[in-house]
Amino acid sequence: MCMMVMIRFLLLASFFMKLMRVGFSLCVVDTLRCIYVTENDIGFGFCMTILRGFRVKKNLQIYEKLQLAQSDKKKERKKEIILTSETTRIFQRAPMDSPKRSWSLSTLPPELIEELLYRAPPESLIRAKPTCKQWYSLITSKRFIYNHLDRSRKRFIRTVGTVQILDPVTRTRSETPLPKEFQRPYGVRTMVHCDGLLLCMCGYFNYRNTNLAIWNPVLKKITWIKPSTCFTTSDYYGIGYDIKKPRYEYKILRFTDHLYDHNVTYDEDGPEVEVYECKTSSWRTLDTEVDWQVDLSCKGAAVMGNMYWVASKHDEQYILGFDFSVERFKDVCFCPPPAFNNYLACYNGDRLSLLQQDEEEPWDIVVWVTNKLADVDVSFTKYFSVSRPDVPALLDHTDMANPVYFIGKQKRIIAWCEREVFGGDDEIPPTCIIFNEIDEGGVRTQLETERHCGYGYFGTFFCGYVYVSSLVPLPV
């Protein structure tokens, strides 16, 4: 039995060597339960459960430890894995150039290989595609892509000057150039996220100078959507799918709210509500009257293929939904008692959360969540509240970008927001981008991720967006 256990660990070490070739640096902790992997260039950490099919004696506690050293001269990686059972070292992995590296990946169970790949960030899987035909076939299959997506965790994305992606777990931020398609004069104004795809509204505040694109930052691909007549600054958009059809057959919703732009003459004959079929690349007009007003400061949320917004009608705030399966709007539920600032987000994959913070009393935050949106009756329930003097205003003032947030584990608010910093010698206070973790006990983490000084900074309407990186291909 001990010999079989050792052989299986040797095979697992061989698999790790394969991962090393595509840019992984593994820091292995407790192989019986999980492996914590950090990707050097992105700083992405994740845990993977791997040995559920292996038989190991209950009293045997095996730990792996990987040490990464880099030569200053040759800049070559040298890695070592040490397996121990409480006090005895069982195996020390040979260096990369050793002839002992001869174990075959083909002897590893396919389900184990797939389980490991599910835990890898998509950026690393992209680099792994050309290394193995078997991996390429698996990684590009729709089954794997959507299973991998459903296991991926949330990040923040921001597109001001560059593309910045913040990992709330490791608190690391990657920065890459903004695609040339999104540089001036086609800057990204707002975005809607669904399945790792970003529906981008581009252009500036000229009424008809608006363009629409779908972007996957991982695949580095962008496609432009042609309008039926034209896109305008009064349009709202959503992206989703029919739950009765394949998930990858995405649809785009466009509806027009004229209530905000009183100084513009509109084409009364233009369609107020349209749906775009990505499969056929065509628009279809819906016979629906827009008699509501969407909260501008509260961006929409895509949940389980449908879209949701905070809207108001007859002085009552409620959640407006659009069902892509039947292509109809619906009144989901009333909002809690109104506050000055409302922020909507997806919660737990199948619900909504609403964060409320009063501008005059920012130390008070209330978080509400709904029951499952698939239920017949949906309503908000108070989840938790924070009332501490150290709680910052997530919206510093009305000229700043609206914050982005989601609710993490243990009733924790994870937020990214803009804030002006006073007290220095600068004539103009610098604008800082702050990462916050707040729970019922107050502020747990405040981290400045970016700073802009002087007149040269032009922000956006939203500080950033909740984003899940994925391998989902562009639907058009």
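The values are calculated or read from the model by the stated rules, or taken from the named source; none is laboratory data. Keep in mind that this is a model prediction, so the values were computed, not measured. Every residue, glycine as well, gets a Cβ built from its backbone with ideal geometry; the counts of neighbours run over all protein chains shown.
Residue check: I126 meets all listed conditions (1) touching a residue at least 24 places away in the same chain (Cβ under 8 Å); (2) surrounded by fewer than 20 Cβ atoms within 10 Å (Cβ to Cβ); (3) at positive phi but one, namely (3).
Selection of segment 356-370 for residues being free of Cβ contacts under 8 Å to residues at least 60 places away in the same chain and not in a loop (DSSP other than H, G, I, E, B) yields Q356, Q357, D364, V366, V367, W368, V369, T370.
Suppose the filter is under 30 Å from G203 (Cα atoms), surrounded by 12 or more Cβ atoms within 10 Å (Cβ to Cβ), of a type in the set (D, E) and modelled with pLDDT of 85 or more; does E440 pass it?
no
From the set of residues in segment 285-310 that are modelled with pLDDT of 95 or more and more than 22 Å from the chain's Cα centre (by Cα), which is surrounded by the most Cβ atoms within 10 Å (Cβ to Cβ)? Please lay out each step first, then the result.
Looking only at segment 285-310, we keep the residues that are modelled with pLDDT of 95 or more, and these are 285-286, 301-310.
Still in the list and also more than 22 Å from the chain's Cα centre (by Cα): 285-286.
On the way: T285: 12, L286: 16.
Filtering first and then ranking leaves L286.
Being in contact (Cβ under 8 Å) with a residue 12 or more places away in the chain, not aromatic (F, W, Y) and not assigned by TED's automatic domain parsing to the domain that holds T162: is that true of P473 here? Against the criterion (in contact (Cβ under 8 Å) with a residue 12 or more places away in the chain, not aromatic (F, W, Y) and not assigned by TED's automatic domain parsing to the domain that holds T162), P473 qualifies. Restricted to segment 371-396, and to residues there that are in contact (Cβ under 8 Å) with a residue 60 or more places away in the chain and surrounded by 15 or more Cβ atoms within 10 Å (Cβ to Cβ), the residue that is nearest to P336 (Cα to Cα) is L373. Taken over segment 281-320, residues that are under 18 Å from T370 (Cα atoms) and touching a residue at least 24 places away in the same chain (Cβ under 8 Å) amount to 16.
Can you pull out every residue in segment 164-190 that is aliphatic (A, V, I, L, M), at pLDDT below 95 and either buried (at least 18 other Cβ atoms within 10 Å of the Cβ) or touching a Pro at 6+ places or on another chain (Cβ under 8 Å) (or both)?
First, pick out the residues of segment 164-190 that are aliphatic (A, V, I, L, M): 165-166, 169, 178, 188.
Of the ones still in play, those that are also at pLDDT below 95 are 169, 178, 188.
Selection gives V188 alone.
The set of residues in segment 413-433 that are surrounded by fewer than 21 Cβ atoms within 10 Å (Cβ to Cβ) and out of contact with any His (no Cβ under 7 Å at 6 or more places or on another chain) comprises E420, V421, F422, G423, G424, D425, D426, E427, I428, P429, C432. Kindly evaluate Q134 against the criterion of being surrounded by fewer than 16 Cβ atoms within 10 Å (Cβ to Cβ) and outside the structural domain of F462 (by TED's automatic domain parsing). Answer is yes for this residue. All told, R173 falls short of being assigned to a strand (DSSP E or B), in contact with a Gly (Cβ under 6 Å, 6 or more places away or on another chain) and in the same structural domain as N348 (by TED's automatic domain parsing). Here F329 fulfils each of the conditions (1) under 27 Å from C417 (Cβ atoms); (2) part of a strand (DSSP E or B) apart from (1). For segment 382-422, filtered to residues that are more than 25 Å from the chain's Cα centre (by Cα) and over 18 Å from Q357 (Cβ atoms), the residue that is modelled with the highest pLDDT is V421.
Can you name every residue in segment 304-349 that is of a type in the set (G, A, S) and touching a Lys or Arg at 6+ places or on another chain (Cβ under 7 Å)?
Let us first name the residues in segment 304-349 that are of a type in the set (G, A, S), namely 305, 311-312, 321, 325, 339, 345, 349.
Of everything in segment 304-349, those that are of a type in the set (G, A, S) and touching a Lys or Arg at 6+ places or on another chain (Cβ under 7 Å) turn out to be G321, S325.
Within segment 240-271, restricting attention to residues that are outside any strand (DSSP E or B) and modelled with pLDDT of 90 or more, the residue that is farthest from I225 (Cα to Cα) is K244. I'd like to verify a number: residues in segment 386-442 that are among the small types (G, A, S), within 19 Å of T460 (Cα to Cα) and not in a loop (DSSP other than H, G, I, E, B), how many? Going through segment 386-442 one residue at a time, the tally reaches 1. The numbered conditions (1) under 29 Å from G196 (Cβ atoms); (2) assigned to a loop (DSSP other than H, G, I, E, B) are all true for S353 except (2).
Within segment 324-339, does at least one residue satisfy the condition of being under 20 Å from the mean Cα position of the chain (by Cα), in contact (Cβ under 8 Å) with a residue 60 or more places away in the chain and buried (at least 19 other Cβ atoms within 10 Å of the Cβ)? Among the residues of segment 324-339, not one is under 20 Å from the mean Cα position of the chain (by Cα), in contact (Cβ under 8 Å) with a residue 60 or more places away in the chain and buried (at least 19 other Cβ atoms within 10 Å of the Cβ), which makes the answer no.
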